[in-house]
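One structure coming up, written as structure tokens, with questions to follow.
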Amino acid sequence: MIAVGIIGSGAMGSGIAQVVATAGHEVYVLDKNGEALLRAGQNIKASLKKLVAKEKITDAQSEEIYSRIHLVKEMNAFAKCGLVLEAIVEDLQVKQEVFRELESLVSADCILASNTSSLSIASIASVCKQPERFIGIHFFNPATIMQLVEVIPAVQTREGLSEEVKELVKSWGKVPVITKDTPGFIVNRVARPFYGEAIRILEEGIADAPTIDWAMTELGGFKMGPFTLMDFIGHDVNYRVTESVFASFFYDPRYKPSFTQKRLFEAGYLGRKTGRGFYNYAEGAPQPEPNKDEELGRQILNRIIAMLINEAIDALHLNVASKEDLELAMMKGVNYPKGLLWWADELGLQHVLDTLDGLYEEYHEDRYRTSPLLRKMVKNGQTFFQYEKA
Ligand SMILES: NC(=O)c1ccc[n+]([C@@H]2O[C@H](COP(=O)([O-])OP(=O)(O)OC[C@H]3O[C@@H](n4cnc5c(N)ncnc54)[C@H](O)[C@@H]3O)[C@@H](O)[C@H]2O)c1
């Protein structure tokens, strides 16, 4: 079993280290910040202890897992690793610097990987002497719990490496999907309308935040409504992702951020963590009630789902990922109640097309343009999946 190196021991690095050590690998974790490294060690210990308390693992197993985690100060420790995964600050120059230094210290067959959420894998790999061994391995937060891992080959990545990494990720008990090196990969691209269209509906005054959240959870089956979720993620993080995806798509209006969220971010109303976002989390603050008008709720759900489905179909149209991986990604990465393509079949592709064309007709905005694949499939009377006739 290969030894694995992790660079960066923050939220992601420490979680990934725990996952990989639990799967039986020796793991070497490095951080330039000694305190962060010690904290990571303590966090992993505490996390394993919780699993013991829940009787998921025994005390002996917890100790054995922890004994495989080595906190290191020098990159030399990675000389024996078969894979080194970077999870440091989201800054291209800093990441490139790390890989420049790292490559001379690791063996020639060591796989190099980045956990970046928003940078292109090609741009990080470009500084390597052997960029063909570079790949994206994108975990979701918290890495110990979320099952999905996006595997992202860059243009430079050698043939076959994605499949090898996919098998490795599977052996860690995770669900890997393969995606093209395009902005947001699968999840952070396809999920944009969950936030963006919900905010648009709010901005137009069609419904308030609790009503939209109610429609999406009660009628749509989502675990959290968009406004509760954005408050949970934090408007600093969620707004920045939206802005970065928008810029990376050469300012495609489909991904345009909203002033509503930007102002919350600017005001420091970051959500739960600051006590205020779309909702007020101060103790005793009155919680606004949703308007449980079912017709209104269904209109809201239909509009947001149609926009999500359109994103998923367009990602398929542009070969960002396979049908199966698109479905898995949204169910395992963001806990959607159903795969979006399956949902499209269930609603009827004609209905989805009519909803989107209706929005385009009303607004004449490019964000409502329909994926050519949806139009083509409707024309040909196709569905995404085969169903047994009842
Ligand atoms: N937090 C998330 O939800 C999430 C999800 C998926 C992917 N990611 C990606 O994972 C990466 C890390 O995110 P995070 O949330 O764990 O960040 P974090 O800020 O919690 O941790 C980053 C760690 O990297 C260390 N570091 C910075 N520069 C370094 C260097 N040159 N050498 C060694 N260590 C260095 C810092 O000291 C810090 O401990 C980013 O690329 C981020 O985009 C984050």
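Rundown of residues vs (1) of a type in the set (A, V, I, L, M, F, W, C); (2) assigned to a helix (DSSP H, G or I); (3) within 20 Å of Lys292 (Cβ to Cβ), yes/no style:
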position	(1), (2), (3)
Val177	yes, no, no
Phe185	yes, no, no
Asn188	no, yes, no
Glu218	no, yes, yes
Phe227	yes, yes, yes
Asp231	no, yes, no
Asp236	no, yes, no
Val241	yes, yes, no
Ser244	no, yes, no
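Hey, another quick one. Where in region 316-390 are the helices (runs of 4 or more DSSP H), entirely inside, with at least 2 residues that are at pLDDT 95 or above, exposed (fewer than 13 other Cβ atoms within 10 Å of the Cβ) and not hydrophobic (A, V, I, L, M, F, W, C)?
Counting at least 2 such residues, we get 349-363, 372-379.
Answer yes or no as to whether Glu167 is surrounded by fewer than 24 Cβ atoms within 10 Å (Cβ to Cβ) and charged (D, E, K, R).
Details: surrounded by fewer than 24 Cβ atoms within 10 Å (Cβ to Cβ): yes; charged (D, E, K, R): yes.
The answer is yes for Glu167.
While we're looking at this one, here's another question. Can you spot a residue in region 282-293 that is out of contact with any His (no Cβ under 8 Å at 6 or more places or on another chain) and in a helix (DSSP H, G or I)?
Let us first name the residues in region 282-293 that are out of contact with any His (no Cβ under 8 Å at 6 or more places or on another chain), namely 282-293.
Remaining after also requiring in a helix (DSSP H, G or I): none.
No, the conditions are met nowhere in region 282-293.
Residue under question is Ser67, and the condition is that it be surrounded by 15 or more Cβ atoms within 10 Å (Cβ to Cβ), among the hydroxyl-bearing types (Ser, Thr, Tyr), in the same structural domain as Ser123 (by TED's automatic domain parsing) and modelled with pLDDT of 95 or more; does it hold?
Judged against the criteria, Ser67 is not a match.
Go through region 361-390 and give me each residue that's over 28 Å from the mean Cα position of the chain (by Cα) and of a type in the set (Phe, Trp, Tyr).
Within region 361-390, Tyr363, Tyr387 qualify.
If we scan region 142-152, do we find a residue that is touching a Pro at 6+ places or on another chain (Cβ under 6 Å) and within 14 Å of the ligand (Cβ to nearest atom)?
yes
Which condition number in (1) in contact (Cβ under 8 Å) with a residue 24 or more places away in the chain; (2) under 27 Å from Gln147 (Cα atoms) is the one that Leu202 fails?
Of everything listed in (1) in contact (Cβ under 8 Å) with a residue 24 or more places away in the chain; (2) under 27 Å from Gln147 (Cα atoms), Leu202 misses just condition (2).
Do we find that Ser114 is within 10 Å of the ligand (Cβ to nearest atom), in the same structural domain as Met12 (by TED's automatic domain parsing), free of Cβ contacts under 8 Å to residues at least 60 places away in the same chain and under 22 Å from Ile2 (Cβ atoms) in this structure?
yes
Which condition from (1) under 30 Å from Lys166 (Cβ atoms); (2) hydrophobic (A, V, I, L, M, F, W, C); (3) surrounded by 15 or more Cβ atoms within 10 Å (Cβ to Cβ) is the one that Leu301 breaks?
(1)
Just checking, does region 4-15 include any residue being within 12 Å of the ligand (Cβ to nearest atom) and closer than 14 Å to Ser67 by Cα? Break it down stepwise before answering.
So the first thing to find is which residues in region 4-15 are within 12 Å of the ligand (Cβ to nearest atom), and the list is 5-15.
Cutting the leftovers down to closer than 14 Å to Ser67 by Cα gives us none.
Looking for residues that are within 12 Å of the ligand (Cβ to nearest atom) and closer than 14 Å to Ser67 by Cα, one finds none in region 4-15, hence no.
For Glu97, are the conditions met, namely being farther than 22 Å from Thr179 by Cα and loosely packed, with under 15 Cβ neighbours inside 10 Å?
Details: farther than 22 Å from Thr179 by Cα: yes; loosely packed, with under 15 Cβ neighbours inside 10 Å: yes.
Answer is yes for this residue.
Oh, and also: Being under 21 Å from Val149 (Cβ atoms), assigned to a helix (DSSP H, G or I) and away from the ligand (no atom under 15 Å from the Cβ) is the requirement here; does Ile65 meet it? Outline the logic, then answer.
Working: under 21 Å from Val149 (Cβ atoms): yes; assigned to a helix (DSSP H, G or I): yes; away from the ligand (no atom under 15 Å from the Cβ): yes.
Yes, satisfied.
Scanning for something within 13 Å of the ligand (Cβ to nearest atom) and under 29 Å from Glu74 (Cβ atoms), does region 160-170 turn up at least one residue?
The answer is no, given that none of the residues of region 160-170 is within 13 Å of the ligand (Cβ to nearest atom) and under 29 Å from Glu74 (Cβ atoms).
Next up: Across region 83-106, what is the number of residues that are touching an Asp or Glu at 6+ places or on another chain (Cβ under 7 Å) and either away from the ligand (no atom under 15 Å from the Cβ) or in a strand (DSSP E or B) (or both)?
Of the residues in that region, 0 qualify.
If Phe78 satisfies all but one of (1) more than 10 Å from the ligand (Cβ to nearest atom); (2) part of a strand (DSSP E or B); (3) crowded, with 22+ Cβ neighbours inside 10 Å, what's the number of the condition it fails?
Going through (1) more than 10 Å from the ligand (Cβ to nearest atom); (2) part of a strand (DSSP E or B); (3) crowded, with 22+ Cβ neighbours inside 10 Å one by one, Phe78 breaks only (2).
Go through Leu51, Leu37, Leu30 for me and flag whichever is without any contact (Cβ under 8 Å) to a residue 12 or more places away in the chain and surrounded by 16 or more Cβ atoms within 10 Å (Cβ to Cβ).
Leu51
I'd like the full set of residues that are among the small types (Gly, Ala, Ser), within 11 Å of the ligand (Cβ to nearest atom) and buried (at least 22 other Cβ atoms within 10 Å of the Cβ), limited to region 118-136. Please lay out each step first, then the result.
Of the residues in region 118-136, the ones among the small types (Gly, Ala, Ser) are 118, 120, 122-123, 125-126, 136.
Subsequent filtering for residues that are within 11 Å of the ligand (Cβ to nearest atom) retains 118, 136.
Residue satisfying the conditions is Gly136 alone.
Being modelled with pLDDT of 95 or more, polar (S, T, N, Q) and closer than 30 Å to Asp231 by Cα: is that true of Asn310 here?
Here the answer is yes, as Asn310 does meet what is asked.
Looking only at residues in region 232-271 that are touching a Phe, Trp or Tyr at 6+ places or on another chain (Cβ under 8 Å) and of a type in the set (A, V, I, L, M), which one is nearest to the ligand (Cβ to nearest atom)?
Val245
The values are calculated or read from the model by the stated rules, or taken from the named source; none is laboratory data. Everything numeric here is computed off the predicted structure, so don't read it as measured data. Positions of Cβ are backbone-derived with ideal geometry, glycine not excepted, and every protein chain shown enters the neighbour counts.
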